[in-house]
Amino acid sequence: MSPICSDKSLWQFDLFEPFCKNITNFVTSRHGGYSEGNYATFNPSPYSGDDVQTVEKNLDKLKASLPQRPKALFRPRQVHGIEMQCIDAAFLSLSQEVQEKRLEGVDAICTDIRGYAVCVSTADCVPILLYDWRHQAVAAIHSGWRGTVQHILSLSLQQMNRLYGTEGQDIYAGIGPSISINAFEIGEEVYDAFEKAGFPMEQISIWKKSTRKHHIDLWKANTMQLENFGVPTNQIEVSGICTFTNNEDFFSARRLGINSGRILSGIMINPSV
């Protein structure tokens, strides 16, 4: 990943750079915004208790800082589930109030319509951005441990296959800043959930004597879902940025609490080429 702006408020995946004429992608940091306290300073999420007008100021800055300005940013109200919402012509024809209702309880969002950025909010959970270069479709997925263990990424890829004809070789994927295996200690019930879900625990987990806890590698667990769908390894970028240990630059709910800022990760088919 590399910063888009000199103040390092926005970042983008290096993997998507060859497609910059077709798509815009971004990941926000904690820098360069207007929020205060645990939301300081660049919080683009309205769902964690920040002042609404300040969030709007942050969003205005975000839109103005992008290479091409989105017609709209769609942000679902996430619940750690597996539902995906498609932003299509029928969705866009709805009133704003109905659109917002359709985005409640949603953790993945996709579109093939130009000019609309699909986004997810995270603060330790894994944000994943997908670009289908062949069918010109994009998706954003929120995959915390609950989403990961329910295979939300695999299910989203299957949905893109049904909607657009997406296949593994068509996908470029960015796995954004989120909690790393070294920081993500878990209880036995979470370990058991991953084991029962069929994950190879010897590949995605470690036992730390120092903490007497299992640790799960969410980056690896999601990378495996991409590879199982047929996405080539060289078409996957893992940011490698741990939000827990880099909490001065990226929001971490485990560090700051639930009432704190969120990272917004988004991707858009550009309005014009």
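FYI, it's all coordinate maths here, none of it is from the lab. All of these numbers come straight from a predicted model, not from anything done at the bench. Counting neighbours? That spans all protein chains shown, and the Cβs are built from the backbone with ideal geometry, glycine included.
Among Leu62, Leu226, Leu92, the largest mean-square fluctuation in a Gaussian network model of the chain (Cα springs under 10 Å) belongs to Leu92.
Along the axis of the charge dipole computed for the stretch 1-158 (Cβ charges of +1 for Lys and Arg, -1 for Asp and Glu, origin at the Cα centre), the listed residues His31, Ala117, Ser156 are led at the positive end by Ala117. Can you give the net charge of the other residues whose Cβ lies under 15 Å from the Cβ of Ser48, counting K and R as +1 and D and E as -1? Around Ser48, the charge tally is +1. For the chain, the Cβ-based charge dipole about the Cα centre amounts to some 280 debye (Lys, Arg positive; Asp, Glu negative; other atoms uncharged).
Take the alpha carbon atoms of the stretch 1-72, find their center, do the same for the stretch 165-231, and report the distance between the two centers in whole angstrom. Each part's Cα centre sits 27 Å from the other's. Paramagnetic label reach from Ala197 (point 7 Å along Cα→Cβ; backbone nitrogen cut-off under 19 Å): within the stretch 101-144, residues 105-109, 120-130, 140-144.
A Cβ-based charge dipole, computed about the Cα centre of the stretch 84-165 with Lys and Arg at +1 and Asp and Glu at -1, lands at about 200 debye.
Comparing mean-square fluctuations of Val118, Val238, Val190 from a GNM of the chain with C-alpha springs under 10 Å, the top value falls on Val190. Note on Tyr47 and Arg254: the model spin-label points, each 7 Å out from Cα along the C-beta direction, lie 2.1 nm apart.
Count neighbours as other Cβ atoms within 10 Å of each site's Cβ, and list the chymotrypsin sites (Phe, Trp or Tyr not before Pro) in the stretch 1-106 that are DSSP loop with at most 16 such neighbours. Don't jump to the answer; show the numbers that get you there.
On the way: sites: Trp11, Phe13, Phe16, Phe19, Phe26, Tyr34, Tyr39, Phe42, Tyr47, Phe74, Phe91; in loops: Phe13, Tyr34, Phe42, Tyr47.
Filter output for the stretch 1-106: Tyr47.
Using the Cβ-Cβ distance between Leu94 and Ile206 with R0 set to 51 Å, the FRET efficiency from 1/(1 + (r/R0)^6) comes to roughly 0.65. The longest stretch of the chain left intact once loop-based GluC sites (Glu not before Pro) with at most 16 other Cβ atoms within 10 Å are removed from consideration, loops following DSSP, is 37-166.
May I ask you to list the trypsin sites (Lys or Arg not before Pro) in the stretch 1-57 that are in a DSSP loop and have at most 14 other Cβ atoms within 10 Å of their Cβ? Numbers along the way, then the final one.
Values: sites: Lys8, Lys21, Arg30, Lys57; in loops: Lys8, Lys21, Arg30.
When the trypsin sites (Lys or Arg not before Pro) of the stretch 1-57 are filtered for loop state and at most 14 Cβ neighbours within 10 Å, Lys21 remain.
All other residues with a Cβ under 14 Å from the Cβ of Ser35 taken together, and with Lys, Arg as +1 and Asp, Glu as -1, what is their net charge? Working shown, then result.
Details: positive: Arg30, Lys57, Lys61, Arg262; negative: Glu36, Asp50, Asp51, Glu56, Asp60.
For residues surrounding Ser35, the net value is -1.
The smallest convex shape that holds all Cα atoms of the chain, its convex hull, gives 121 Å³ per residue. Summed over qualifying helices (DSSP H, 4 residues or more, each -39500 (n - 2.57)) and divided by its residue number, the chain shows a 222 nm mean residue ellipticity of -7000 deg cm²/dmol.
Max-minus-min Cα coordinates of the stretch 77-159 on each principal axis give 34, 32, 21 Å, with the largest extent listed first. Summarising the label geometry, the points placed 7 Å from Cα in the beta-carbon direction at Cys5 and Glu188 lie 4.8 nm from one another.
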